[in-house]
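Trainee: Next up is a structure, given as structure tokens.
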Amino acid sequence: MKYTKEHEWLRVEGDLVVVGITEHAASQLGDVVFVELPEPETMVAEGDEVCVIESVKAASDILAPLDGEIVAVNSKLVDAPALVNEDPTGAAWFFKMKIDDLSVLDAFMDEDEYADLIG
Amino acid sequence: MTDHKRLALHDLHLSLGGKMVPFAGYEMPVQYPAGVMAEHLHTRAAAGLFDVSHMGQVILRPKGSMAELCHAFEAMMPVDVLGLAEGRQRYGLLTNEQAGILDDLMFANRGDHLFVVVNAACKAADVAHMQAHLGAVAEVQHITDRALFALQGPLAEAALAPLVPAVIEMRFMDVAVFDTVFGPMWVSRSGYTGEDGFEISVPEAGAEGLARALLATDGVMPIGLGARDSLRLEAGLCLYGHDIDTGTTPVEAGLTWAIQKSRRTGGARAGGFPGAERILRELADGPERLRVGLRPEGRAPMREGTALFDPDGTPLGEVTSGGFGPSVGAPIAMGYVASSHAAPGTRLEGEVRGKRLPVTVVPLPFHPTTYKR
């Protein structure tokens, strides 16, 4: 598993990258009550705002961690946003991306580096 | 948060895992480890203890008669002060000459004086305002050596009664003073959640003992400002600085229930308060806009500042408080709309992230109140 500075996790599944938010991010957000997902088959650029998460406290965005195409979204989160707090690194994945070159993932933090980031 | 004052029980909040945030000049617990949702639902199901010591506590002690003080206080608010019986509390609104709201408050008749609780962010201005208008007839005493707690929820009475048995005799909006091991306790049966419960003023020296005794009781959990906000929103109660301020009148805010007949046109002491001309006119003719309850149809919360439109695109107003209602299980909001569109059932649109989403005007409160009448 790889991590971004925006507290997303990235997991390779075949030729796709699965994206979600970390347990730390979910706990900082508090109880998630609303999730808005992108349309599948959308081309995105790194840094694009692709999802909206609203907790009881505030709204925040999930940014595309990479250039590529969103090929699948987890529509379960729309009806059960609380999954984000219950299982952030498992059942609560947000979307799957197809990217040109999986080797770009090497530049992201590994688990130890991410643990250092969140202290 | 170096500029912010600390509550007397700051260390207790930290030891309970409270997450402290700046609010109205204080470091306040916004939530505890249970989180906003669980704290909210717990308060509705059992009992929650809130430290609201940031709020202003003021005693108005008459230099002459109570009647003279009450008359003078009536010149500051469109509210019946003289008619409030001893041992009772009432909601009040300080208005300005433009009929805007300077603050909302609770005042109690305690026999030989009035006890007033005002909003934290307004307290310095309120005390100065009261000193200017009441100083000739009363000592305006800002009480700064007492903590203030709210104990709210269906188990509030069961939690407080072992410490102060006489509270079971109190009903909604009663006030009383009790001698306790924690010091003289000033209790009102009221709150800001829509639930039965109490607000308790206690000397700072006894505050930790009282808080620990209540928290040791079955069913009592510490509750932060986050859940306090969602509880009051579900109860349809205004938050000063958001739903009401100097730019809103009591009539626009739907607070006409707080303006007793005696202060209205034809009443025994009609008018004579700041903004009377506009307030009495709005009571007679209706205001141009009204505060309403709003239910977004989807799951997306409509937060403060969300612009509201009628379905053909005409701007109508905006949301002043909005979020997710844990007991309602859906997003809820309050806001101001043109009076022509304020009837329950009216379908409007709110603009969220550039998209116009359907929202319906609904009656307040969102969650039924359970006061002990």
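Each value in this text was obtained by applying a stated rule to the coordinates, not by laboratory testing. Note that the coordinates shown come from a computational prediction; the quantities given were computed from them, not determined experimentally. Cβ coordinates were reconstructed from backbone atoms using ideal geometry, including for glycine residues, and neighbour counts include every protein chain displayed.
Trainee: How big is region B:234-291 by Rg and Dmax over its Cα atoms, in Å?
Mentor: 11.8, 35
Trainee: Once all Cα-Cα distances of chain B are split into 20 Å bins that start at 0, what whole-number percent is in each one?
Mentor: Calculated P(r), rounded to whole percents: 28, 59, 13, 0.
Trainee: Would you work out the relative contact order for chain A, in percent, from Cα pairs under 8 angstrom that are 6 or more residues apart? Please report the intermediate quantities before stating the final value.
Mentor: Values: 237 pairs, mean separation 36.3, N = 119.
Reported relative contact order: 31 percent.
Trainee: Take the alpha carbon atoms of region B:187-234, find their center, do the same for region B:1-63, and report the distance between the two centers in whole angstrom.
Mentor: Taking the Cα centre of region B:1-63 as reference, the centre of region B:187-234 is 9 Å away.
Trainee: Taking the Cβ-Cβ separation of A:Ala59 and A:Arg11 as r and a Förster radius of 30 Å, what is the calculated FRET efficiency to the nearest 0.05? Each step should come with its number before you reach the end.
Mentor: Details: r = 25 Å, r/R0 = 0.85.
Approximately 0.75, to the nearest 0.05.
Trainee: For the protein assembly as shown, please report how many Lys pairs fall under 22 Å Cα to Cα, leaving out neighbours fewer than 8 apart on the same chain.
Mentor: So the count works out to 12.
Trainee: Got a sec? Which residues in region B:235-270 would a label at B:Thr369 touch, if it sits 7 Å along Cα→Cβ and we count backbone N under 15 Å?
Mentor: The answer is B:235-239, B:254-260, whose backbone nitrogens lie closer than 15 Å to the label point.
Trainee: What do the square roots of 5 times the Cα gyration tensor eigenvalues come to for region B:288-367, in whole Å, largest first, as semi-axes of the equivalent ellipsoid?
Mentor: Numbers: eigenvalues 59, 41, 21 Å².
After scaling each eigenvalue by five and taking roots: 17, 14, 10 Å.
Trainee: Could you please report the charge total around B:Tyr371, scoring K, R as +1 and D, E as -1 over all other residues with beta-carbon less than 9 angstrom from its beta-carbon? If you can, show how the numbers build up before the last one.
Mentor: Details: positive: B:Arg171, B:Arg189, B:Lys372, B:Arg373; negative: B:Glu195, B:Asp196.
With Lys, Arg at +1 and Asp, Glu at -1, the neighbours total +2.
Trainee: Just report the Cα centroid separation between region B:92-122 and region B:263-280, whole Å.
Mentor: 17
Trainee: Something else about it: What do you get for GluC sites (Glu not before Pro) in region B:78-182 restricted to DSSP loop and a cutoff of at most 16 other Cβ within 10 Å of the site's Cβ? Walk me through the numbers on the way to the answer.
Mentor: On the way: sites: B:Glu86, B:Glu97, B:Glu139, B:Glu157, B:Glu169; in loops: B:Glu86, B:Glu97.
Those that pass, being in a loop and sparsely packed, are B:Glu86, B:Glu97.
Trainee: May I pose another question? Mind listing which chymotrypsin sites (Phe, Trp or Tyr not before Pro) in region B:14-99 are in a DSSP loop and have 14 or fewer other Cβ atoms within 10 Å? The partial results should precede the final answer.
Mentor: Working: sites: B:Phe23, B:Tyr26, B:Phe50, B:Phe73, B:Tyr91; in loops: none.
Passing sites in region B:14-99 do not exist.
Trainee: About the Cα centre, and with charges only on the beta carbon of Lys, Arg (+1) and Asp, Glu (-1), how big is the dipole of chain A? Nearest 20 debye, please.
Mentor: Details: 7 positive and 27 negative charges, 66 e Å.
Result for chain A is approximately 320 debye, rounded to the nearest 20.
Trainee: Please report the equivalent ellipsoid semi-axes of chain A, computed as sqrt(5 x eigenvalue) of the Cα gyration tensor, largest first, in whole Å. Kindly include the intermediate steps, with their values, before the conclusion.
Mentor: Numbers: eigenvalues 85, 63, 28 Å².
For chain A, the ellipsoid semi-axes come out as 21, 18, 12 Å.
Trainee: Still on this structure, please answer the following. Counting only DSSP beta bridges with both residues in the protein assembly as shown, what percent are antiparallel, rounded to the nearest 5?
Mentor: Details: 107 of 113 bridges.
Within the protein assembly as shown, antiparallel bridges account for around 95 percent of the total.
Trainee: If I take every Cα pair under 8 Å that is 6 or more residues apart in region B:288-367, average their sequence separation and divide by the length, what percent do I get for the relative contact order?
Mentor: Values: 203 pairs, mean separation 30.7, N = 80.
Taking the mean separation of contacting Cα pairs over the length of region B:288-367, I get 38 percent.
Trainee: In region A:5-63, what trypsin sites (Lys or Arg not before Pro) fall in a loop by DSSP, with at most 15 other Cβ atoms inside 10 Å? Mind showing how you got there, number by number?
Mentor: Working: sites: A:Lys5, A:Arg11, A:Lys57; in loops: A:Lys5, A:Lys57.
When the trypsin sites (Lys or Arg not before Pro) of region A:5-63 are filtered for loop state and at most 15 Cβ neighbours within 10 Å, A:Lys5 remain.
Trainee: Here is a follow-up. Given a cut-off of under 8 Å on Cα pairs at least six residues apart, what relative contact order in percent is computed for chain B? Show your work: numbers first, answer last.
Mentor: Working: 868 pairs, mean separation 66.0, N = 373.
For chain B, the relative contact order is 18 percent.
Trainee: Then there's this: Can you sort B:Arg189, B:Arg6 by how many other beta carbons sit within 10 Å, fewest first? Let's see the in-between values first.
Mentor: Values: B:Arg189 23, B:Arg6 13.
Fewest-to-most ranking of B:Arg189, B:Arg6: B:Arg6, B:Arg189.
Trainee: Suppose we look only past 44 Å in the calculated P(r) of the protein assembly as shown. What percent of the Cα-Cα pairs does that tail hold? Numbers along the way, then the final one.
Mentor: On the way: 26666 of 120786 pairs.
Tail fraction, whole percent: 22.
Trainee: What's the FRET efficiency of A:Ser103 with A:Ala72 using the Cβ-Cβ distance as r and R₀ = 25 Å, to the nearest 0.05?
Mentor: 0.70
Trainee: How much net charge surrounds B:Leu225 when only the other residues with a Cβ under 14 Å from the Cβ of B:Leu225 are counted, with Lys and Arg +1 and Asp and Glu -1?
Mentor: Once positives and negatives cancel, what remains is 0.
Trainee: Please compute the Cα-Cα pair-distance distribution of region B:168-224 with 10 Å bins starting at 0, giving whole percents from short to long.
Mentor: Reading the bins upward from 0: 21, 51, 28.
Trainee: Along the charge dipole of chain B, Cβ charges K/R +1 and D/E -1, which of B:His367, B:Gly194, B:His10 sits furthest on the positive end?
Mentor: So the residue we want is B:His367.
Trainee: Continuing with this model, one more query. Once the Cα gyration tensor of region B:205-319 is found, what semi-axes does its equivalent ellipsoid get, as square roots of 5 times the eigenvalues, in whole Å, sorted largest first? Walk me through the numbers before you get to the answer.
Mentor: Details: eigenvalues 235, 135, 24 Å².
Those come to 34, 26, 11 Å.
Trainee: Let me ask you something else. Fewest first, what order do A:Ile53, B:Ile200, A:Ile21, B:Ile143 take by the number of other Cβ atoms within 10 Å? Present the calculation step by step, with values, prior to reporting the outcome.
Mentor: Working: A:Ile53 22, B:Ile200 28, A:Ile21 25, B:Ile143 16.
By the 10 Å Cβ count, ascending: B:Ile143, A:Ile53, A:Ile21, B:Ile200.
Trainee: Given a Förster distance of 41 angstrom, what is the FRET efficiency for B:Ala158 paired with B:Ala67, based on the Cβ-Cβ distance and rounded to 0.05?
Mentor: 0.55
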